[in-house]
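The values are calculated or read from the model by the stated rules, or taken from the named source; none is laboratory data. As the structure is a computational prediction, the values presented were derived from the model and not from experiment. When we count neighbours, we look across all protein chains shown, and the Cβ atoms used for this are built from the backbone with ideal geometry, even at glycine. For accessibility, only protein heavy atoms count, side chains too; no ligands or nucleic acids. Shrake-Rupley method; radii C 1.70, N 1.55, O 1.52, S 1.80 Å.
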Amino acid sequence: MYKIEFSEKAEKQLQKLEDDTAIRIVSSLERTTVRPYYFVKRLEGTKYYRFRVGDYRIILDIQNDRLIIIVIELGHRKNIYK
């Protein structure tokens, strides 16, 4: 089972969201700890992955050797890829 870690930037972005949205994102991330590749898609041109939760996108780095999912960045889909 994978462990989830947040970067400082992602943690600040999560705190700025409304409470119900933040809870939904965290609970969705917890689902990915068993089989992360089932829920994510490769982000083109990078080594990172994207995870969709409603209108929000989460940029992830999955480290298989340490069984860690690192949340790099999260935000609304219209702003996240800029």
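Out of curiosity, is residue 57 of a type in the set (D, E, K, R) and touching a His at 6+ places or on another chain (Cβ under 9 Å)? Judged against the criteria, residue 57 is a match.
Within segment 1-21, restricting attention to residues that are in a helix (DSSP H, G or I) and of a type in the set (S, T, N, Q), the residue that is most open to solvent (accessible area, probe 1.4 Å) is 15. State whether the residues of segment 41-52 include one that is closer than 22 Å to residue 18 by Cβ and open to solvent by 50 Å² or more (accessible area, probe 1.4 Å). Among the residues of segment 41-52, at least one is closer than 22 Å to residue 18 by Cβ and open to solvent by 50 Å² or more (accessible area, probe 1.4 Å), which makes the answer yes.
Any residue in segment 26-37 that is open to solvent by 30 Å² or more (accessible area, probe 1.4 Å), in a loop (DSSP other than H, G, I, E, B) and without any contact (Cβ under 8 Å) to a residue 12 or more places away in the chain? Within segment 26-37, one or more residues are open to solvent by 30 Å² or more (accessible area, probe 1.4 Å), in a loop (DSSP other than H, G, I, E, B) and without any contact (Cβ under 8 Å) to a residue 12 or more places away in the chain. Against the test of being at pLDDT 95 or above and in contact with a helix residue (DSSP H, G or I) (Cβ under 7 Å, 6 or more places away or on another chain), the options 23, 68, 4 yield a single qualifying residue, 4. Number of residues in segment 53-82 that are out of contact with any strand residue (DSSP E or B) (no Cβ under 8 Å at 6 or more places or on another chain) and either open to solvent by 100 Å² or more (accessible area, probe 1.4 Å) or under 14 Å from residue 6 (Cβ atoms) (or both): the value is 4.
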